[in-house]
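Let me begin by presenting the structure, written as structure tokens, before commenting on it.
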Amino acid sequence: MSLSVRLQHDLPHIKLDLSFDAPSGVTVLFGRSGSGKTTVVNAVAGLLKPASGRVSVDGWELFDTEQGLWLPPYKRRLGYVFQEGRLFPHLTVRQNLSYGRWFAPKGARRENPDKVIEMLGIGHLLDRRPAGLSGGEKQRVAIGRALLASPRLILADEPLAALDDARKGEILPYFERLRDEVSVPILYVTHSAAEVARLATSVVALQDGKAVRHGPASEVLADPSVAPAGIRAVGAVLQVRVSKHHADGLTELDAGGTSLFLPRIPHKIGETLRIRIPAQEVILSNKPPEGLSALNVLSGTVDTIRAGDGPGAIVSLQTTAGPVLARITRRSVDALGLQTGMQCYAVIKTVALAPHDVGGRVNQS
Amino acid sequence: MGWLGPDELEALRLSLRVSFWATLVTLPFGIFVAYALARWRFPGRQVLNGLVHLPLILPPVVTGYLLLLTFGLQGPLGRVLAEVGIVFAFRWTGAALAAGIMAFPLMVRAIRLSIEAVDPKLEQAGATLGAPRLMVFATVTLPMILPGVIAGAILAFAKAMGEFGATITFVSNIPGQTQTLPSAVYAFLQVPGGEAAATRLVVISIIIAMGALLLSEFIGRRVAARVAGS
């Protein structure tokens, strides 16, 4: 067990009351804005003193209000990647990167600065000042600065929220490399289902200050009752293998024996990836579909049908690739005569598989 | 400075010495008080703010009289300090004390503005990276407010050069000891034929004051650029 959090705190609009124990890897706090995510991270960092609670990392206690233990932020040995980067404007990139190293204890496990700089691709920026960097470059430097402080835990509070989509796609792989190549646990805050699908080892879904669900990304994202970012965030997360790059610009993936096609991605053949398939991009058919332009068809059996508040329903299919979710109307459920156990086909438009829903290499866990 | 008489030169030298020490000694206090007012919430913060600004609002003669009551030979603090060899009454050190206290509000205001321009989130970032509070101040806050500190010091120096009312009330007007530049102008104007000497000192006062103001404006403009990081 790597991270253990118990917190009670009254915020102006909500009552924060949650507890979770997360395994090592990336723990994603997932919730809409105002759900208390940032408060949790700030309490872990020591920037906010909660009314009561206890937080420990790998058995090392950061605070415990019952024992009256409270480490000030500078003694907690964390690396905090802020949403706005918060690089020191009067220091060069090189000085920003080495800031945390000045204060890290002598015996601390140290990352090799050259390796980190190379991993983040910031070698050409070292002598520049933050004001001259793009948003994406700033966040890469901020990740490096946090990592080089020899932290026991990295905190990331919506580190991509201030970036446009292209920049998000530029930064996400670095967090994946952090997860896969560096053995530091990460507590990552987001309201984006795509980031959850790509990064999370486990997800804690927050709603109004409570942890409403905790588990692997595929489970939490599949549950419409807790999807914090609204119905649009509901979707399936499939583990796939890159099998072929085709000449017409498509990449073929192997999803448990079924082929899926999506616009060309840069990953190598044989690599294992996670892809997210948003439920609202999936069409269902009760017969093997013919004469359709869509390339991706997964067959399976209906597992559950959950009616929502409105006219919609979420249908979960058990396929050889894993569970796939479809958001269709209740009228369609009736028209197709869908029932649990029934054979059914999920149709996914190729272009619906957005590149930012495609993750990098995945730890086989 | 051949065109200045020995008395005038003496007054100028004394004023420069008084202002230099007044600025140098009050600067650390100024930074501390400005930081406390800008960043900390504590009971009595408004009282401290008022006390700091009092010399700016009170008639200088009142400030000077209060100094005399406190640090004079018969004053409670004056007597204690005299026993350890520190005497303010009728000495140039007293002139420096008066000038420092009168200049203090200007110094604190300039520094406080520059501290308020520093995003506290940057200081938080320093703390999460393992820097204790004093190190955060030394490595993040201070470098970013340095232009403001320099501007505040220049302003305080110029104010100290011009201090008259509190000084003459506290330490009188003794040539070579407490007769600063403004006191000398006043003294020259009291004697027949002193106008020429007074005028020369007035010109020097104007040059020093204008120069200081321009310099502090110039440096002050760089605060914004520096904090913005360009």
For an R0 of 35 angstrom, estimate the FRET efficiency from the Cβ-Cβ distance between B:Glu195 and B:Glu116 and round to the nearest 0.05.
0.15
Separation of the B:Ile207 and A:Glu271 label points, Cα + 7 Å toward Cβ, nm:
7.2
Along the dipole axis of the protein assembly as shown (charges at Cβ: +1 for Lys and Arg, -1 for Asp and Glu; origin at the Cα centre), the most positive-end residue among B:Tyr65, A:Gln280, A:Thr201 is B:Tyr65
Calculate, axis by axis, the spread of Cα positions in chain A along the three principal axes, and write the results as whole Å, longest axis first.
65, 50, 32
Provide the FRET efficiency to the nearest 0.05 for the A:Gln8-B:Leu48 pair, computing r from the beta carbons and using R0 = 30 Å.
0.25
Given backbone amide H placed at 1.01 Å from N, residues whose amide H is under 5 Å from that of A:Arg213, ignoring those fewer than 5 places away on the same chain, are A:Ala205
If every Lys and Arg gets +1 and every Asp and Glu gets -1 at its Cβ, then about the Cα centre chain A yields a dipole, in debye to the nearest 20, of 800
Which aspartates and glutamates does A:Lys168 reach when only Cα atoms under 13 Å apart count, and residues fewer than 8 places away in its own chain are ignored?
A:Glu137, A:Glu158, A:Glu176, A:Glu195, A:Asp357
In nm, the gap between the two label points placed 7 Å beyond Cα toward Cβ at A:Thr320 and A:Asp208 is 4.5
Residues with amide H under 5 Å of A:Leu3's amide H, sequence separation 5 or more or different chain, H placed in the peptide plane at 1.01 Å from N; which?
A:Ala22, A:Asp58
Cα-Cα longer than 24 Å, checked against A:Lys138/A:Lys268; A:Lys75/B:Lys121; A:Lys287/A:Lys349; A:Lys49/A:Lys210; A:Lys49/A:Lys115, kept in input order, equals A:Lys138/A:Lys268; A:Lys49/A:Lys115
If amide H atoms are modeled at 1.01 Å from N in the peptide plane, then the residues at a separation of 5 or more from A:Gly25, or on another chain, having amide H under 5 Å from its own are A:Ile186
Please give, to one decimal in nm, the separation of the simple spin-label points placed at B:Ile86 and A:His246, each 7 Å out from Cα toward the Cβ.
8.7
Would you mind pulling out the separation of the Cα centroids of segment A:1-35 and segment B:115-163, in Å?
35
I'd like the Karplus ³J(HN,Hα) series for segment B:122-134: coefficients 6.51, -1.76, 1.60, θ = phi - 60°, whole numbers in Hz, and an x wherever there's a Gly or Pro.
5, 5, 4, 4, x, 5, 5, 8, x, 8, x, 3, 5
With each run of n ≥ 4 DSSP H residues scored as -39500 (n - 2.57), what mean residue ellipticity at 222 nm is computed for the protein assembly as shown after dividing by its residue count and rounding to the nearest 500 deg cm²/dmol?
-13500 deg cm²/dmol
Whole-Hz couplings from phi, Karplus 6.51/-1.76/1.60, listed for segment A:296-306; x for Gly and Pro
9, 10, 10, 9, x, 10, 5, 9, 9, 10, 10
Check the straight Cα-Cα distances from A:Lys244 and name the aspartates and glutamates below 12 Å, setting aside those fewer than 8 residues away within the same chain.
A:Glu252, A:Asp254, A:Glu271
Calc'd 3J(HN,Hα), segment A:148-158, phi into Karplus 6.51 cos²θ - 1.76 cosθ + 1.60 (θ = phi - 60°), Hz, glycine/Pro = x, comes to 6, 7, 6, x, 8, 8, 9, 9, 9, 9, 6
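Laboratory data are not the source of any read-out in this text; all were calculated from the coordinates shown. Being a predicted model, the structure only gives us computed values, none of them experimental. FYI the Cβ positions are ideal-geometry reconstructions off the backbone, even for glycines, and counts take in every protein chain you see.
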